[in-house]
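Below: one structure, written as structure tokens.
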Amino acid sequence: MYAAVNGMGLFGMNAFKVTAEIITSKGQPAFDIVGLGDMAVQESKMRIKGALSGVGIGIGGQRITVNLAPADVRKSGSVYDFTIIAAILSVNGIIDEDLSDCAFIGEVSLGGGLTFTAGVLSMAIEAHKCGIKRLFLPKENAREASVVEGLEVYGVENIGEFINHFTKREQIKPEAPYAPDEAFIQISDMAEVKGQPLAKRALEVAAAGFHNVLLIGPPGTGKSMISKRIPSILPPMTFEESMETTGIHSIAGQLDRNNPIMTVRPFRSVSHTASAVGLIGGGSVPKPGEISLAHNGVLFLDELPEFDRRTLETLRQPLEDGVITISRAQGSITYPCDIMLVAAMNPCPCGNYGNPKGNCTCSQKMIQNYLGRISRPVLDRIDIQVEMPQLSYNEISEAKPGESSSAISERVMKAREIQAKRFRGTGIRSNSKITPALLHEMCPMDDSAKKLISDCFDKMGLSARAYDRILKVARTCADLADSEIIRKQDISSAINFRSLDRKYWSN
């Protein structure tokens, strides 16, 4: 007897269709699974036997061979359990319905229950592309998959319920399409931040152009506080961005099961104890790291010099390209990581170097060693550097709140709308991602702006990368001022935002 049932596989973010071909024959009882499955796939035989015996179905007396096609593609994980069970039920005539328009995803327990499976959204999207009409998966994953239009999603709690559905004893109702709440959830407000007008302006420019930022200042000046409020001034995610970000968090198993679609830009705060694998991703079957989990949002690195230097160096390529590729023996996985990097640091180990209100106890060598943990190539990839001085008593005691996030966000949104029109059809989403080929076309300057950047290029010893990033920041400053031409004041602002490397790293 022969049957074939559809399932889905996942490698990184790449989902693919898998067909479980099954044949039963007379002979010595056996249960073989072929098709380049890993240990988890081979161990599924015990889970499947246990799950079926729980509903009174024994397969111990059969000779069963299952081929997971395509046979030349490696299969990993327990996601094929449900597919193989559906094939066994089909080949034995327990399910006599045509299953060609169905796909089955999920791990089964020994008791027959279907357990939560990571990466379902990517598999559901690919299933729809492959012509699948009905998708059966664990009940806990049903809301997540139901966001895919044109796909009937059935959440299954256990194998008994699944058999009852196809034998017409008790039908499973398809999951209602999930509609995420489109309201912007504002957790904290920029109005709560006392003083620091330059930092607020810098973060407004950064949010408008999705630029990387470095905040430098003594302890207690509000570097972490203001950073955590950046999502409140970023524009809401588009549906496309929401699906991209949700897909990454789904693979990592970090979705809220009650609200499985992410509608608020992520803010990932990473400890300086994080390893390179934790930051950029990895593992035997590579999982996304913090830089990918922050995709379309903010990656916040506090106490930047305390990070291992080799760990920071791994950020250079993904910050430049917006993707991270992890290579393993079974293949290469590419995860998107289009992020806004926000880093904060003290100017020295004690935190008071350059602080007129504090007494620095560090030697010059200690300061140089501390700052030297951040390499010039990493600094070059940070568009905006801003100093946050210690607040005065009047600034701290001021009862009047500052400008609200909603007011800042309104200006940011207008600048983003200008960029959306400018970049239509190019695949570019923000000024920070302008390609070298389009840089001069997208960044026209008046004569005074050209003269200023020309004078500063040699005087400041700018690299080609720094020159490009100054132009991109100036482009954002002009957009916030609703100017199509980059003016002298825009170049001046962009250059001032890159002046701290000369103050702290010039020696």
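The values are calculated or read from the model by the stated rules, or taken from the named source; none is laboratory data. Here the structure is a predicted model, which is why all the values come from computation and not from measurement. No Cβ is skipped: glycine too gets one built from the backbone with ideal geometry, and neighbour counts run over all protein chains shown. Surface accessibility is based on the protein's heavy atoms, side chains included, excluding ligands, DNA and RNA. Shrake-Rupley method; radii C 1.70, N 1.55, O 1.52, S 1.80 Å.
Determine the share of region 412-507's accessible area contributed by carbon and sulfur atoms, expressed in whole percent, with a 1.4 angstrom probe. Before the final figure, lay out the partial values.
Working: 2400 of 4780 Å².
The C+S portion of the solvent-accessible surface of region 412-507 is 50 percent.
State whether region 183-299 is rounded, prolate or oblate according to the following rule on the C-alpha gyration tensor (a ≥ b ≥ c being the square roots of its eigenvalues): a/c under 1.5 gives rounded; otherwise a/b larger than b/c gives prolate, and the remaining case gives oblate.
Note, shape of region 183-299 comes out oblate.
Express the C-alpha Rg of region 434-507 as a ratio against the empirical globular expectation 2.2 N^0.38 Å, rounded to two decimals.
1.06
How much length is gained on full extension from Tyr2 to Asp256, taking 0.36 nm per residue of separation minus their Cα-Cα distance?
Roughly 87.4 nm would be gained on extension.
Would you rank Ile84, Ile125 by solvent-accessible area, highest first, keeping every protein chain in place and using a 1.4 Å probe? Don't skip to the answer; put the middle values down first.
On the way: Ile84 0, Ile125 60 Å².
Ranked from most to least accessible, the order is Ile125, Ile84.
If you roll a 1.4 Å probe over region 1-99 with all protein chains in place, what percent of the accessible area is carbon or sulfur?
The C+S portion of the solvent-accessible surface of region 1-99 is 53 percent.
Once R0 is set to 22 Å, what does the formula 1/(1 + (r/R0)^6) return for the Cβ-Cβ distance between Asn164 and Ser53, expressed as a FRET efficiency to the nearest 0.05?
Working: r = 17 Å, r/R0 = 0.78.
The formula returns an efficiency of 0.80 here.
Please list, by residue number, every one of the GluC sites (Glu not before Pro) in region 237-332 that is coil in DSSP and has at most 11 other beta-carbon atoms within 10 Å.
In loop regions of region 237-332 (DSSP not H, G, I, E or B), there are no sparsely surrounded GluC sites (Glu not before Pro).
So how compact is region 408-461: Cα radius of gyration and Dmax in angstrom?
That works out to 14.0, 38 Å for Rg and Dmax.
Could you order Met445, Met1 so the one with the most accessible surface comes first? Probe is 1.4 Å.
Descending order: Met1, Met445.
Find the accessible area per residue for region 203-360; the probe is 1.4 Å, ligands and nucleic acids are left out, and the unit is Å².
Heavy-atom SASA per residue in region 203-360 reads 34 Å².
For region 298-366, take the alpha-carbon Rg, divide it by the Kirkwood Rh, and send me Rg/Rh.
Using Cα coordinates only, the ratio equals 1.17.
How big is Rg to Rh over region 137-228, alpha-carbon atoms, Rh as the Kirkwood inverse-mean-distance radius?
Over the Cα atoms of region 137-228, Rg/Rh equals 1.35.
Which residue, chosen from Gly61, Ala124, Leu89, occupies the Cα position most advanced towards the positive end of the dipole of region 55-126, where the dipole is computed from +1 (Lys, Arg) and -1 (Asp, Glu) charges on Cβ about the Cα centre?
My answer, from the dipole projection, is Gly61.
Within 10 Å of each candidate Cβ there may be at most 16 other Cβ atoms; applying that plus a DSSP loop requirement, which trypsin sites (Lys or Arg not before Pro) in region 236-320 survive?
Passing both the DSSP loop test and the Cβ count: Arg257.
I'm checking a number: the convex hull volume of the Cα atoms of region 264-319, normalised per residue, in Å³. What is it? Can you show the working numbers first?
On the way: hull volume 4.4 nm³, N = 56.
That works out to 78 Å³ per residue.
Scaled to the compact-protein estimate 2.2 N^0.38 Å, what is the alpha-carbon radius of gyration of region 317-433, rounded to two decimal places?
Against the compact-globule rule of thumb, the ratio is 1.53.
What is the gain in length, in nm to one decimal, between Arg376 and Ser463 on full extension, counting 0.36 nm per residue of separation less the C-alpha to C-alpha distance?
Fully extending the segment from Arg376 to Ser463 adds 30.3 nm.
Roughly how many Å² is the accessible area per residue of region 423-507, as a whole number, for a 1.4 Å probe?
49 Å²
I'd like the Kirkwood hydrodynamic radius of region 66-194, using the inverse of the mean 1/r over distinct C-alpha pairs, in Å.
Working: mean 1/r = 0.0617 Å⁻¹.
Result for region 66-194 stands at 16.2 Å.
Using the alpha carbon gyration tensor of region 224-364, what are the three equivalent-ellipsoid semi-axes (square root of 5 times each eigenvalue), largest first, in whole Å?
Semi-axes (√(5λ), whole Å): 31, 20, 12.
Helix-only estimate, please: 222 nm mean residue ellipticity of the chain, summing -39500 (n - 2.57) across DSSP H runs of length 4 or more and dividing by its residues, to the nearest 500.
After summing the helix terms and dividing by residue count, I get -10000 deg cm²/dmol.
Excluding Ala124 itself, calculate the net charge of residues whose Cβ lies under 13 Å from the Cβ of Ala124, where each Lys or Arg counts +1 and each Asp or Glu counts -1.
Its environment carries a net charge of 0.
Give the dimensionless ratio obtained when the Cα radius of gyration of the chain is divided by 2.2 N^0.38 Å.
Ratio of Cα Rg to 2.2 N^0.38 Å: 1.18.
Along the principal axes of its C-alpha atoms, what lengths does region 358-489 span, in descending order and rounded to whole Å?
Reported extents, whole Å, longest axis first: 53, 42, 30.
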